[in-house]
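**Q** Take this structure first; my questions come after.
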Amino acid sequence: MLQELIVVLIVAAAVAYVAWRYLPAAWRQRLGRVHPSLAQGPGGCGSGDGCSSCGGCSAAQGPAAEPPVQGRAERRFHASK
């Protein structure tokens with residue numbers, strides 16, 4: 001009996017998360033009146049579009065690639081089919 005209750009709670013939490021994740025941004029903004037953290041989208045910035053809308057994640061650049069050396073040929077390997 002206790003195991004069934006735990007499974008029901010886990011499934012209910014998963015359904016609630018999926019519903020929130022795919023909820024339209026306008027509806028999420030209405031939920032923000034109840035509690036401000038409910039208005040934030042999956043990206044965390046409140047836009048609902050993920051990281052691409054605020055540029056926060058994409059603004060961080062990785063290490064710069066080394067410039068090509070003169071006189072060296074670039075080799076590319078392709079997997080055979």
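**Q** Summing +1 for each Lys or Arg and -1 for each Asp or Glu, what net charge is found among the other residues whose Cβ lies under 10 Å from the Cβ of Ala39?
**A** +3
**Q** So for each of 72-78, 19-25 I average, over its residues, the number of other beta carbons within 10 Å; can you give me the resulting order with the highest mean first?
**A** 19-25, 72-78
Read-outs: derived from the displayed coordinates by stated rules, not from any lab. Note that this is a predicted model, so its numbers are computed, not measured. Glycine gets a Cβ as well: all are built from the backbone with ideal geometry, and neighbour counts include every protein chain shown.
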